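A short worksheet on the structure shown next.
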Amino acid sequence: MKDFSNRYIFIFSVVMVVSVAILLSLTALLLQPRQEKNVETEKKMNILSSINITSTKVDAVALYDRYIRESFVINTGGQRIQGVDAFSVSLRAEHKKPLEQQSLPVFTAVMDNGDTQHIYPLEGKGLWWPIWGYVALRPDMSTIAGATFDHKGETPGLGAEINTTPFESQFLDKSLYEDGRFVSVAVVKGGAEKSDRHEVDGISGGTITSKGLEAMLREGLVKYEKYFDDNRR
Amino acid sequence: MEKIEKEPLLSAKNIKLMTGPLGDQNPITVQVLGICSALAVTVKMKPAIVMAISVMVVLAISNVIISAMRKSIPGRIRIIVQLVVIATMVIIVDQFLKAFAFDVSKQLSVFVGLIITNCIIMGRLEAFALANKPWPAFLDGLGNSWGYGLILIIVSFFREFLGSGSIMGFPVMEKMGVYNFGYEDNGFMILPPMALITVGLIIWFQRSRNKSLIETK
């Protein structure tokens, strides 16, 4: 290999770094709209899957418009906050605010048989990265009609199993309230009692993710307690 | 690409560049490179396959770029230049996956970024691309990523089959009904140490078949 002068090396580095920077910024800028659309579609698919509607990338937007009739934001006092778009609320940013200033999104779906379900978004911590999910409740504001979870990067085969149907379907018909008291649903290690309305089986080998999910359910839903009490039917 | 060359595009030597890494020159089992990702993404077959394809794209293109620039890269900063090229390629691949194959990019999550640290890529740039023309460098990149991908797929097959009872996400064990006879998935296969032991078994098998790979004392 030839020996190059310091001057050459310096110019070479500057040219290389600048051209790489331009190339990367261009790629990022050009692909951004597509990436954002993917994220939005995925969120709609997640919301739909919590009310047990299976959607694909193609029909998610149309199905979302059909089933989700209303979305709004409330505060911990259960009052509606005007002027905030529920769909674009970032729960991660909200969690950093003081409790009384947090915006809590609610999505209302009307099913084909005329039933109303309320969907509440959740976000929490897994083992490695954030986990999130949507829980749909029946009008009694206690019985779970469906739940969907997802994660950014939990261990494949272990914690990552939280976004699979066998795990999610366990939540169906579990209830958040016991004799009028908020108790949430626990994710139990080593086998939950099937008849217990407040327990589901955890994932073997994924204890920390399971516990994170349990905390996410409890801490996320307890903020809606006032709203649940006011709107229970 | 190399039309002035007298050598045909797929000469015996060039084909060897592609097939060598599948066997006696395998980057994982013979050169013992890229073990870290072989361990991380082989719990399930699907991420392993996508990882293999991503590495192929990054390695083949980086090899060509470095090879094309090999006469103008100052030797003193060549490692940094290689890193910049690899990192750029990886970011572009990652951005494209996010835009066009969102599901897959979610499955791989952090591992795409970790392609940058895959020793096979820097190893090939340093050992081959810097001293060879772009076309052979391209073939060398393909060959090595196939060798890498082959091991990834073999390891992930056994780990998914024995650990989760499925192949490519299809629940084979459940369909065969073996759980009714008291069979249980071996949870140990899902844990990282079993990836190393599986790779070890492959190395053992390969060396028992090919004595020339065994170092003389």
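Since every read-out is calculated from the coordinates, none of them should be taken as a lab result. On a predicted model such as this, the values are computed, not experimentally measured, just so you know. Note: ideal-geometry Cβ built from the backbone for every residue, glycine included; neighbour counts use all protein chains shown.
Computed FRET efficiency, Cβ-Cβ of residue A:32 and residue B:215, R0 35 Å: what is it to the nearest 0.05?
On the way: r = 52 Å, r/R0 = 1.47.
For residue A:32 and residue B:215, the calculated efficiency is 0.10.
Here the Gaussian network model covers chain B, with springs between Cα atoms less than 10 Å apart; of B:17, B:196, B:139, B:196 fluctuates the most. In terms of surrounding Cβ atoms within a 10 Å radius of their Cβ, B:155, A:58 rank from fewest to most as A:58, B:155.
Structure remark: mean-square fluctuation, Gaussian network model of chain B, C-alpha springs under 10 Å; the largest value among B:100, B:161, B:181 belongs to B:181. Sorted fewest first by neighbouring Cβ atoms within 10 angstrom, A:9, B:28, A:22, A:53 come out as A:22, A:9, A:53, B:28. Please list, in order, the residues from segment B:89-113 whose amide nitrogen is less than 17 Å from a point placed 7 Å along the Cα→Cβ vector of residue A:40. Residues passing the 17 Å test: B:99-100, B:102. Rounded to the nearest 500, the 222 nm mean residue ellipticity of chain B from helices alone is -20000 deg cm²/dmol, with -39,500 (n - 2.57) taken per DSSP H run of at least 4 residues.
Summed over qualifying helices (DSSP H, 4 residues or more, each -39500 (n - 2.57)) and divided by its residue number, chain A shows a 222 nm mean residue ellipticity of -12000 deg cm²/dmol.
What angle, in degrees between 0 and 90 and rounded to the nearest 10, separates the Cα long axis of helix A:207-222 from the longest principal axis of the Cα atoms of chain A? Taking Cα atoms only, the helix is inclined about 60 degrees.
Looking at segment A:6-108, how many pairs of lysines come closer than 24 Å at the Cα, when each pair is eight or more places apart or spans two chains?
Working: A:37/A:57; A:43/A:57; A:43/A:96; A:43/A:97; A:44/A:57.
Lysine pairs satisfying the spacing and distance rule in segment A:6-108 number 5.
Among the listed pairs A:189/A:211; B:106/B:175; B:46/B:98; A:194/B:175, those with a Cα-Cα distance over 19 Å are B:106/B:175; A:194/B:175.
Could you give the C-alpha radius of gyration of segment B:25-211 expressed as a fraction of 2.2 N^0.38 Å, taking N as the number of residues it contains?
Numbers: Rg = 18.2 Å, N = 187, 2.2 N^0.38 = 16.1 Å.
Cα Rg divided by the expected 2.2 N^0.38 Å: 1.13.
Just to be sure I understand: of the beta bridges DSSP finds with both ends in segment A:45-231, what percent are antiparallel, rounded to 5? Write down the numbers at each step before the final one.
Details: 30 of 33 bridges.
Around 90 percent antiparallel, to the nearest 5.
Tell me which lysines have Cα within less than 28 Å of residue B:133's Cα, excluding those fewer than 8 residues away on the same chain? Once the sequence-local lysines are set aside, what remains near residue B:133 is A:2, B:3, B:6, B:13, B:16, B:71.
Report, in debye and to the nearest 20, how large the dipole of the protein assembly as shown comes out about its Cα centre when Lys and Arg carry +1 and Asp and Glu carry -1 on their Cβ. Mind dumping the intermediate values first?
Numbers: 47 positive and 43 negative charges, 413 e Å.
It works out to roughly 1980 debye.
Please rank A:118, A:95, A:151, fewest neighbouring Cβ atoms within 10 Å first, as an exposure proxy. Could the numbers behind the result be given before it?
Working: A:118 21, A:95 14, A:151 25.
Ordered from fewest to most neighbouring Cβ atoms within 10 Å, A:118, A:95, A:151 come out as A:95, A:118, A:151.
A simple spin-label model places pseudo-atoms 7 Å from Cα toward Cβ; at residue B:184 and residue A:14 they are separated by 6.7 nm. Counting only Cβ charges, +1 for Lys and Arg and -1 for Asp and Glu, the dipole size of segment B:25-211 around its Cα centre is about 700 debye.
Considering only B:204, B:80, B:53, and ranking their Cα positions along the charge dipole of segment B:25-211 that arises from unit charges at the beta-carbon of Lys, Arg, Asp and Glu, the one farthest toward the positive end is B:80. In this calculation the C-beta distance from residue A:112 to residue A:225 is compared with R0 = 30 Å, giving a FRET efficiency of 0.50. Thinking of segment A:1-116 as a set of Cα atoms, what percent of all their pairs are more than 21 Å apart? Here the long-distance tail beyond 21 Å is 60 percent of all Cα pairs in segment A:1-116. Our estimate of slack between residue A:196 and residue A:69, defined as 0.36 nm per intervening residue step minus the Cα-Cα distance, is 42.5 nm. Taking A:26, A:172, A:158 in turn, the Gaussian network model of chain A (Cα-Cα springs below 10 Å) assigns the largest fluctuation to A:26.
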